[in-house]
Every structure is written in C-alpha cells, then in structure tokens.
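See structure below.
The values are calculated or read from the model by the stated rules, or taken from the named source; none is laboratory data. Since we're looking at a predicted model, the values are computed, not measured. Cβ sites come from the backbone with ideal geometry, for glycine too, and all protein chains shown count toward neighbours. In case anyone asks, the SASA skips ligands and DNA or RNA and just uses the protein heavy atoms, side chains included. Shrake-Rupley method; radii C 1.70, N 1.55, O 1.52, S 1.80 Å.
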Amino acid sequence: MYNMVARLLMYGDLKEGELLRELSELISKFDFGGYDSVELTREFNRQAKHLLQIATDYGFDDNLWHNYLTFFLMMNENPFSLTCEKNGAGEGSVNSLVREDLRIMKQLFDYDFSPIEEYLNIDCFSRICNYKAIQKPELMYNKNVSEKVRALSKKLENTKDEDEFFDCLTEFYKSHGVGMWGLNKAFRIEETADGDMRFVPINNMESVHLNDLVGYEIQKKKLVDNTEAFVRGKKANNVLLFGDSGTGKSTSIKAIVNEYYDDGLRMIEIYKHQFKFLSKVISQIKNRNYKFIIYMDDLSFEEFEIEYKYLKAVIEGGVETRPENILIYATSNRRHLIKESWNDRNDQDNSNDRHHSDTVEEKLSLVNRFGVTINYSKPTQKEYFDIVLNLAHRAGIDMPDEELTAGANKWELSHGGISGRTAQQYINYLLGFKE
C-alpha cells in the first residue's frame with residue numbers, strides 16, 4: 001500500500017494525520033519487517049479506531065474503508081477536481097496522469113487486509129469492510145453528506161477498471177462539486193486564533209421547505225422569483241426581509257437554500273461582528289462554481305455602531321464589482337436597519353451636526369441598497385387560526401377545530417402575541433401530550 005500511495009500525483013498531497021497516509025506508512029513497516037508485533041497491532045487498532053471515528057462523524061455504513069476513500073476523493077480540491085467542477089473532465093494531458101492516480105485508488109479499494117490480520121491475529125479491518133452501523137439521530141451527523149458518500153462509494157466499488165472509475169468520479173465532480181462546498185448546504189465563519197477566518201460547515205441545517213410556512217404566498221413568490229433568477233445566472237437583487245418577529249423571515253431563507261441546493265445554491269451565515277471579514281469571504285468564493293447567499297439574520301444597528309459601513313461598501317459602492325455568484329439576503333425587525341432618533345426627524349436639530357440631512361441620508365442609504373424588500377407582517381387573528389389548524393393537521397393532532405382555536409387564543413395571550421412562531425410553539429406544546 002505504501003508504494004501505491006507514494007505514487008499518487010494529483011491526489012498525493014496527504015496532510016499530517018490523514019488516515020490514508022498513516023495507514024500506508026504502517027503497512028510499509030509490516031511489508032519490510034523489523035517491527036515489534038505488539039506495537040504494530042496497537043497501531044493498527046488505533047487506525048481502525050480512527051476510521052470508526054470518521055464513520056461515526058459522517059454516518060458511514062457497510063464498507064467503511066470504501067466510504068473513507070470515496071470521502072477522500074470527494075473532498076480533495078486539486079487543479080483537476082476544481083476544473084471538473086466547472087467544466088467536466090474534457091480532454092487534456094492531465095487526464096492520463098489522473099487516470100494513473102485513479103488506477104491506484106481502484107487498487108486501494110480492492111486492497112486485501114487479510115494477510116496482515118492473519119499474521120497479527122486481528123480482524124478489525126474485516127469487520128470494518130462489512131460494517132453494520134447503529135442507527136443514529138440525524139442531528140448527530142450530516143445526513144446530506146453521508147448519503148452522497150455512500151451512494152458514490154457503491155458506484156466506485158462496482159467499476160471494473162480505472163476508466164469507469166474516472167468517468168464515475170468526474171461525473172460526480174461536475175454534478176455536485178468538490179470539497180466542502182460540494183457536499184454541504186450552509187456554512188458559518190469562525191475567527192481563528194491568529195485573527196484570520198475559516199469556513200465551518202453547518203452539519204444539521206433545519207429541513208424546512210417553503211410549503212411548511214403557512215400563508216405569506218406573495219412574500220414567498222417574490223423570494224422564489226429572485227432566487228430562481230439568481231441560480232439560473234440571470235440578474236438578481238440583494239433581498240431584505242423585514243417585519244414582525246416570528247413571521248417566518250428566517251424560515252423562508254432556510255427553505256430557499258433547501259429548495260435550490262441541487263441547483264448549486266449555498267448559504268454562508270455571517271454575524272454583525274464578523275463584517276470585517278466580508279471582503280475576504282467574497283474573495284474566497286467568487287471563483288467557485290456555486291451561487292452563494294450571504295445570510296445575515298436579525299440585522300440592525302444602533303446609532304453608535306459603524307459595522308454597517310462595511311456592508312454598504314460590499315453591497316454596492318466599493319471599487320471592486322460584486323461577483324455575479326454572490327447575493328446578500330438579510331432579515332430584520334426594522335425597516336430601515338439603523339436605529340433612528342427623533343432628532344433624525346427634526347429639521348431643526350440642535351446638535352453639532354451642521355449637515356443634518358446628509359446624516360439622515362447616510363442612515364437610510366443602507367436599506368436602499370437591497371433591490372428587493374419583502375414585508376412579513378403580523379398575521380390577523382383569522383390568519384393565525386388558519387396557521388394553527390394547518391400545523392395541527394400536519395402534525396396529526398386529533399382535536400376539534402373549535403377546541404384548537406380556543407386553545408391557540410389563550411396561548412398567544414400569554415406567549416408573545418399572534419405570530420407563526422407562537423402558533424408553532426402552541427402545536428409543540430400539544431405534541432408534548434400526544435401519546
């Protein structure tokens with residue numbers, strides 16, 4: 001195995017701690033002799049545990065070795081895989097080099113661990129290659145990634161040679177992409193110890209769809225129309241969803257990402273204190289073959305906060321044109337985002353601001369940079385009852401409508417007033433008593 005891994009070219013840049021690298025070096029010790037069998041057994045068990053940990057994190061099953069190798073190929077961002085993501089395999093000299101790599105990967109798929117196991121009297125890899133995983137709740141792993149890895153793993157293990165292996169893998173790159181962007185729907189950013197930033201996949205994004213949001217049909221249509229234009233490569237606008245709390249603004253955006261994930265839509269969630277990284281975020285995603293929504297939830301600014309200036313420059317007005325594959329979707333309870341005082345409305349302001357009208361314009365200009373603004377207002381009582389009844393019927397709650405609405409009326413009086421969120425909380429309360 002060590003000689004095979006050492007010959008990898010395009011896929012040969014193995015990081016420290018990579019399972020394939022450590023396992024190949026371990027097998028090299030076995031092949032060349034001069035080892036302590038007890039120590040070698042301990043190391044093989046450690047690598048088996050490493051593989052089991054990866055399998056647990058990503059929900060792998062059946063042949064964990066094949067799943068791991070498939071995951072390795074899916075995550076490997078190199079010049080070839082990135083080109084395939086944009087344009088497919090095409091024709092070129094690099095293909096012959098990659099085919100040799102994939103011939104080696106095919107051999108690794110078929111690698112026989114039994115001689116090592118027999119000599120060391122262990123069977124961990126035989127069990128791992130025919131594994132039955134304990135069923136886990138979806139919150140414990142990324143189901144979307146797991147399904148893709150296991151499906152491609154089955155296809156690759158059934159290929160008869162490196163040519164079929166090549167076609168199968170490059171077709172996946174073209175259809176789904178490569179690396180974390182290809183496998184995940186949503187991301188957040190995290191500041192590193194050295195003051196830089198990195199992207200972190202959100203493993204368990206809520207599985208909500210637009211049909212789950214009762215009502216707000218006009219609002220949803222505006223959002224869908226803009227997003228469909230975006231994913232089809234047409235002109236589209238940044239979007240601000242504003243209005244009362246609990247009306248489904250954030251839910252709508254999550255639903256949009258779920259609806260258009262297969263069309264290449266991805267979401268990056270960013271918080272107000274992270275706006276200093278906006279330019280860096282954009283520079284790192286602008287050349288990828290995906291459409292990105294930069295998502296800002298519950299966006300608003302107090303008078304003393306100046307982070308909105310970063311946002312204004314990125315949305316429109318900076319020297320560099322915003323890339324065509326990036327839009328900003330934000331939600332807010334405030335129509336104008338930046339807190340206004342009564343003095344902002346007072347033409348005879350007695351403060352030291354000599355250009356008062358310019359100050360007001362500065363505060364209002366941010367919202368004007370969102371081409372589409374959608375108002376999610378509080379539902380009427382009739383609409384609130386309709387939401388409750390719809391949610392109750394979907395949840396299988398068997399109660400008379402009159403009893404449901406009477407209970408919903410009492411609930412909202414002591415739980416924040418009428419809203420879609422209040423309706424869902426009432427349904428959750430009823431489900432807590434359902435047998």
Selection count where residues are open to solvent by 30 Å² or more (accessible area, probe 1.4 Å), over 23 Å from Phe275 (Cα atoms) and among the aliphatic types (A, V, I, L, M), scope the stretch 185-216 | 0
Which condition number does Leu108 fail, the rest of (1) closer than 29 Å to Gly12 by Cβ; (2) outside any helix (DSSP H, G or I); (3) over 17 Å from the mean Cα position of the chain (by Cα); (4) in contact (Cβ under 8 Å) with a residue 12 or more places away in the chain being met?
-> (2)
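Within the group Gly17, Gly90, Gly33, which residue is touching a helix residue (DSSP H, G or I) at 6+ places or on another chain (Cβ under 8 Å) and of a type in the set (Gly, Ala, Ser)?
Answer to the selection: Gly90.
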Does any residue of the stretch 274-290 turn out to be in a helix (DSSP H, G or I), closer than 22 Å to Ile374 by Cβ and open to solvent by less than 30 Å² (accessible area, probe 1.4 Å)?
-> no
Please state which one of Leu278, Leu337, Leu299, Leu311 is among the aliphatic types (A, V, I, L, M) and modelled with pLDDT of 85 or more.
-> Leu278
Glu157 passes all but one of the listed conditions (1) of a type outside the set (Lys, Arg); (2) touching a His at 6+ places or on another chain (Cβ under 8 Å); (3) under 21 Å from Asn142 (Cβ atoms); the exception is number (3)
Within the stretch 69-105, the residues that are among the small types (Gly, Ala, Ser), outside any loop (DSSP other than H, G, I, E, B) and either modelled with pLDDT of 90 or more or closer than 17 Å to Lys155 by Cβ (or both) are Ser81
Checking Glu100, Glu85, Glu77 in turn, the sole residue that is under 16 Å from Cys168 (Cα atoms), open to solvent by 60 Å² or more (accessible area, probe 1.4 Å) and not small (Gly, Ala, Ser) turns out to be Glu100
Glu147 free of Cβ contacts under 8 Å to residues at least 40 places away in the same chain and either out of contact with any Phe, Trp or Tyr (no Cβ under 6 Å at 6 or more places or on another chain) or under 13 Å from Asn203 (Cβ atoms) (or both) | yes
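Residues checked against (1) of a type in the set (Lys, Arg); (2) in contact with a Gly (Cβ under 9 Å, 6 or more places away or on another chain); (3) assigned to a helix (DSSP H, G or I); (4) at pLDDT below 90:
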| residue | (1), (2), (3), (4) |
| --- | --- |
| Asp386 | no, yes, yes, no |
| Ala392 | no, no, yes, no |
| Gly396 | no, no, no, yes |
| Glu402 | no, no, yes, no |
| Thr405 | no, no, yes, no |
| Gly417 | no, yes, no, yes |
| Asn428 | no, no, yes, no |
| Lys434 | yes, yes, no, yes |
Test result for Asp353, over 23 Å from Asn211 (Cα atoms), open to solvent by 20 Å² or more (accessible area, probe 1.4 Å) and modelled with pLDDT under 90 | yes
From the list Asn237, Asn226, pick out the single residue that is surrounded by fewer than 19 Cβ atoms within 10 Å (Cβ to Cβ) and touching a residue at least 40 places away in the same chain (Cβ under 8 Å).
-> Asn237
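Among the residues of the stretch 31-68 satisfying the criterion of being among the acidic types (Asp, Glu) and not in a loop (DSSP other than H, G, I, E, B), which is farthest from Gly17 (Cα to Cα)?
Residues of the stretch 31-68 among the acidic types (Asp, Glu): 31, 36, 39, 43, 57, 61-62.
When the remaining residues are screened for being not in a loop (DSSP other than H, G, I, E, B), the result is 31, 39, 43, 57, 62.
On the way: Asp31: 21, Glu39: 18, Glu43: 13, Asp57: 16, Asp62: 24 Å.
Going through the qualifying residues, I end up with Asp62.
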Given Ile268, Ile218, which one is closer than 30 Å to Gln425 by Cβ and either of a type in the set (Lys, Arg) or without any contact (Cβ under 8 Å) to a residue 12 or more places away in the chain (or both)?
-> Ile218
Considering (1) without any contact (Cβ under 8 Å) to a residue 60 or more places away in the chain; (2) closer than 30 Å to Cys84 by Cα, say which one His273 fails and leave the rest.
-> (2)
Report whether or not Arg127 is touching a strand residue (DSSP E or B) at 6+ places or on another chain (Cβ under 7 Å) and among the basic types (Lys, Arg).
-> no
Failed criterion for Asp112 (all others in (1) out of contact with any Leu (no Cβ under 8 Å at 6 or more places or on another chain); (2) within 17 Å of Thr70 (Cβ to Cβ) hold) = (2)
Check whether at least one residue in the stretch 157-166 is assigned to a loop (DSSP other than H, G, I, E, B), open to solvent by less than 80 Å² (accessible area, probe 1.4 Å) and over 18 Å from Ser24 (Cβ atoms), and report yes or no.
-> yes
